[in-house]
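Some notes on the structure that comes next.
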Ligand SMILES: *Cc1c(COP(=O)(O)O)cnc(C)c1O
């Protein structure tokens, strides 16, 4: 479906039924697949033939949906995982091992920050965090002999910083390593990082892609553009024989477009088993079918709410890259010309107490540890996810006690603004 626009790909890419076949993607609710001879099955085990044998490795329903996401991002191959956490872990661990080093933006999702800084550290993988606003010189200074990947988020959750993808890609490539971008917040409808030089793109499909708060999931997309063989000394897992598959060298056998995802499936999915269930893949695909219709509405609502909040006397500051006053307004015009997403954050003048009172008085927006679904929700980190921190510690972490993160859903913006207005008035 290469020649179609992203709108049409959201609806129809990935699965093209033949004559008399189901119109909707079939849920292949089977853990296993039958074969007539051991020889047939042996070829699958040796990666000599492609086909299905066990759903932990591959399942047709998941493959249809992964193929759609690959087309949406403009990649060569993709795979689904059980969650966004698994997607980011796999994307990094596919090319890093004990003794490797990662350069990562410091402005990333808390779960990913912990994954890289604590859990992967226990595996002997080091990280240097850099500011998302770092200059090229500062970025260069973060690299080491053993650096194997650069990581960042297009729009960071929850800080809403916007990454200069081209700059990060240029520096990564100058050091012979790929750039991995978590593109969860804008989705490929609003930004396609591969077009700006990213090599691998990841998603928490739990957010806008599903879009209804129904199914946890993740995805990894390979651009097919990174020349592993040109940096074979850095990536032995892709460029030297894998003894667990009779000496296959992934970059040779599956080429630049297939090596990364094939290795990630054959080794990491085999051994860690973080597969998405076919039922979840089906639900995810229902979300993808309307992603291009929903994203503009999330942006419209986010923009309207941000503009309203900015003018309100109870509000100290609003973070939203669609506001001309925002630090990331200019860079967002380049990478997110149709807007970013529906998530807005803002600081109330009255601090923690005001945030608590404001949220208690909301009638439409619910309090949730979630973002990016059809129903508007909000969170005050100081009284929830970060409640163990003092006001001083929160300030140091750049999370003021009065900060509220609001994920604008698909309701009518007039109703959302009226709800926010009455809740702000009630603070007094
Ligand atoms: C939520 C989120 C994740 C983690 O995804 P899960 O599906 O919850 O595991 C990773 N990255 C970003 C940007 C997220 O918002």
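Any read-out appearing in this document is the output of simple, stated calculations on the displayed coordinates, not a laboratory observation. Note that the coordinates shown come from a computational prediction; the quantities given were computed from them, not determined experimentally. Ideal geometry is used to build each Cβ from the backbone, glycine not excepted, and the neighbour counts take in all protein chains shown.
Brief remarks follow.
- C-alpha long axis of helix 413-427 to longest principal axis of the chain, angle in °: 50
- Burial ordering of 323, 80, fewest other beta-carbon atoms within 10 Å first: 323, 80
- At 0.890 mPa s and 25 °C, Stokes D of segment 131-258 from Kirkwood alpha-carbon radius, µm² per second: 154
- Label zone at residue 38, where the point sits 7 Å out along the Cα-to-Cβ direction: segment 258-275 residues whose backbone N lies under 13 Å: none
- Over all orientations, segment 199-274 has a Cα convex hull whose mean projected area works out to 5.6 square nanometres.
- Expressed per residue, the C-alpha convex hull volume of segment 293-425 stands at 100 Å³.
- By the beta-carbon count within 10 Å of each Cβ, the least crowded to most crowded order of 92, 364, fewest first, is 364, 92.
- Overall, the anisotropy analysis places segment 116-178 in the oblate class: the square-rooted eigenvalues a ≥ b ≥ c of its C-alpha gyration tensor yield a/c not less than 1.5, with a/b not exceeding b/c.
- Shape category assigned to segment 178-318 from the gyration tensor of Cα positions, a/c cut at 1.5: prolate
- Between helix 291-311 and the chain: long-axis angle, C-alpha atoms, 0 to 90°, nearest 10: 30
- Cα shape, segment 337-376, gyration tensor, a/c 1.5 rule: oblate
- Segment 181-339: antiparallel DSSP beta bridges as a percent of all, rounded to 5: 75
- Straightening the chain between residue 30 and residue 385 buys 124.0 nm, computed as 0.36 nm per residue apart minus the Cα-Cα spacing.
- Axis angle, to the nearest 10 degrees, between helix 278-288 and the longest C-alpha principal axis of the chain: 50 degrees.
- Shown here is the pair-distance distribution of segment 246-315: with all Cα-Cα distances grouped in 5 Å bins from zero up to the longest one, the shares run 3, 12, 11, 10, 11, 11, 11, 9, 8, 7, 4, 2, 1, 0 percent.
- Listed peptides 368-378, 31-41, 398-408 appear in the order 398-408, 368-378, 31-41 once ranked by packing, highest mean of other Cβ atoms within 10 Å at the front.
- The ranking of 68, 334, 363 by Cβ neighbour count inside 10 Å, starting from the fewest, reads 363, 334, 68.
- Calculated P(r) tail over 40 Å for the chain, as whole % of Cα pairs: 19
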